Amino acid sequence: MSAPRDNAETHSLSFDELAELLRQVFLRHGTSPEVAQVLSQNCASAQRDGSHSHGIFRIPGYLSSLASGWVSGTAEPKVEDVGAGFIRVDAAGGFAQPALMAAKELLIDKARSAGIAILAIRNSHHFAALWPDVEPFAEEGLVALSVVNSMTCVVPHGAQKPLFGTNPIAFAAPRAGGEPIVFDLATSAIANGDVQIAARAGRMLPAGMGVDRAGQPTEDPKAILDGGALLPFGGYKGSALSMMVELLAAALTGGNFSFEFDWSKHPGAQTPWTGQLLIVIDPNKGSGQSFAERSEELVRQMHGVGQERLPGDRRYVQRARSLVEGIEISKTEWLQLRELAGD
Ligand code: NDP
Ligand code: PYC
């Protein structure tokens with residue numbers, strides 16, 4: 001690896017350096033070593049891959065949520081083995097990713113033996129990108145699908161008021177000739193994190209993403225955040241998918257619907273207290289053919305008809321660049337993180 005570049009405005013860190021800095025930040029703000037380890041790897045991975053709405057941008061929200069007592073940084077997830085292909089985890093008011101980690105080995109074992117296994121996480125907070133939760137399964141030759149619901153800020157199609165969360169869906173599948181096929185998309189027209197980034201940068205949004213507090217279409221991110229709301233992507237189709245996410249991530253797991261929690265008594269709380277579902281499949285139980293060869297064939301055909309950029313490609317390119325050049329963050333961000341880490 002070549003030496004990280006540095007200049008007057010930016011600072012470059014290796015993945016390990018950034019993850020360690022973030023681990024210190026989480027530890028210093030009341031998380032257990034286990035939680036700090038999982039969240040710092042997750043956050044550094046998002047930053048490395050250019051998932052900027054869910055990288056270090058989220059650190060103040062994590063820390064204010066922890067400080068407000070809204071989320072537990074020391075929760076110990078309780079894993080219950082409830083069936084040949086079914087695991088339940090009570091995240092005990094902590095983050096979803098440590099709950100997933102606690103059940104991951106059992107989930108893989110069950111998916112391989114039963115062909116399919118479900119992980120239902122409840123009583124959990126998810127404040128991150130969803131792709132890091134599914135991509136590792138595809139690296140092990142499995143297919144994974146995950147959904148998580150967030151906080152009320154999306155108006156169902158045809159309705160007048162927000163009800164759904166931004167409710168992402170992530171999918172990962174192995175591929176013979178390259179990195180796993182992965183997509184990860186909010187079912188809102190834009191993720192709430194990207195609205196915040198646009199508001200901060202003073203940038204207008206494209207039309208059709210949200211409404212103001214009077215329910216009128218707006219391209220102003222501040223009007224969306226200040227009493228307005230987002231719209232689902234793709235009209236009634238995205239709205240139906242968002243509804244599905246509420247059902248799978250909350251009703252099925254025992255977690256809160258996006259409209260069910262009240263964080264008003266916890267100033268600074270930003271992490272949605274909901275649920276998450278993962279479905280993991282052993283694809284080679286399917287057709288008897290190699291799934292990874294078949295998915296490679298699909299990719300070949302997609303390239304053949306002119307689709308050059310697959311979902312996940314932008315991240316993989318950015319990841320490769322970050323691993324060579326370092327992860328570049330602004331000097332201000334670097335100094336803030338060091339201060340938060342007590343350095
Ligand atoms: P994007 O709209 O940026 O991307 C969605 C997906 O489409 C990605 O897989 C992306 O691949 C792919 N993609 C984008 N552009 C193209 C293109 N031109 N051709 C082919 N594929 C393309 O993501 P969202 O704004 O919807 O979501 C951003 C993040 O926010 C996600 O990580 C999501 O999990 C997170 N989020 C988290 C929530 C939570 O509750 N924890 C709630 C809502 C969102 P690529 O990655 O390569 O760009
Ligand atoms: O970007 O919509 C979002 C989001 C909600 C919770 C975490 N991220």
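Only DSSP H runs of four or more residues enter the estimate; each adds -39500 (n - 2.57), and after division by the residues of the chain the mean residue ellipticity at 222 nm equals -11500 deg cm²/dmol. Karplus-derived 3J(HN,Hα) values for the stretch 117-134, using 6.51 cos²θ - 1.76 cosθ + 1.60 with θ = phi - 60°, are 8, 10, 10, 10, 9, 10, 6, 10, 10, 10, 10, 10, 5, 8, 4, x, 7, 10 Hz; glycine and proline are entered as x. Evaluating 6.51 cos²θ - 1.76 cosθ + 1.60 at θ = phi - 60° for every residue in the stretch 248-253, the Karplus couplings come out as 6, 7, 10, 4, 6, 8 Hz, glycine and proline recorded as x. For the stretch 123-164, the alpha carbon positions stretch 44, 22, 16 Å along the principal axes, listed from largest to smallest. Which shape class, rounded, prolate or oblate, goes with the stretch 257-343 when its Cα gyration tensor gives a ≥ b ≥ c as root eigenvalues, a/c under 1.5 marks rounded, and past that a/b bigger than b/c marks prolate? Here the stretch 257-343 falls in the oblate category. With both residues required to sit in the chain, DSSP beta bridges show an antiparallel share near 85%.
Across the protein chains, with a 1.4 Å probe defining accessible surface, the residues Ser322, Ser68 rank Ser68, Ser322 from largest area downward. Taking a ≥ b ≥ c as the square roots of the eigenvalues of the Cα gyration tensor of the stretch 37-107, is the shape rounded (a/c under 1.5), prolate (a/b larger than b/c) or oblate? In terms of gyration-tensor shape, oblate.
Sort the chain into rounded, prolate or oblate with this rule: let a ≥ b ≥ c be the square roots of the eigenvalues of the Cα gyration tensor; rounded if a/c is under 1.5, and if a/c is not under 1.5, prolate when a/b is larger than b/c, oblate otherwise. It comes out rounded by the Cα gyration axes. Measuring between alpha carbons in the structure, the pairs from Lys161/Lys265; Lys78/Lys237; Lys161/Lys222; Lys222/Lys265; Lys265/Lys331 lying more than 25 angstrom apart are Lys78/Lys237; Lys265/Lys331.
Between Gln97, Gln41, Gln289, the residue with the greatest mean-square fluctuation in the GNM of the chain (Cα pairs under 10 Å linked by springs) is Gln289.
Centre-to-centre, using Cα atoms only, the stretch 245-316 and the stretch 14-90 are separated by 19 Å. Taking θ as phi - 60° and the Karplus parameters 6.51, -1.76 and 1.60, the scalar couplings of the stretch 53-68 work out to 6, 10, x, 5, 3, 7, 4, x, x, 4, 6, 5, 5, 5, 5, 7 Hz in sequence order, x denoting glycine and proline.
Listed peptides 205-214, 168-177, 10-19 appear in the order 168-177, 10-19, 205-214 once ranked by packing, highest mean of other Cβ atoms within 10 Å at the front. Subtracting the Cα-Cα distance of Ala176 and Asp16 from 0.36 nm times their residue separation leaves 54.8 nm of extension gain. Projecting label points 7 angstrom from Cα along Cα→Cβ for Glu9 and Arg321 puts them 1.5 nm apart. For the listed peptides 244-252, 268-276, a ranking on the average number of other beta carbons within 10 Å per residue, highest first, reads 268-276, 244-252.
The values are calculated or read from the model by the stated rules, or taken from the named source; none is laboratory data. Owing to the predicted nature of the structure, the values given are computational and were not obtained by experimental measurement. Cβ coordinates were reconstructed from backbone atoms using ideal geometry, including for glycine residues, and neighbour counts include every protein chain displayed. Note: areas computed on protein heavy atoms with side chains; ligands, DNA, RNA excluded. Shrake-Rupley method; radii C 1.70, N 1.55, O 1.52, S 1.80 Å.
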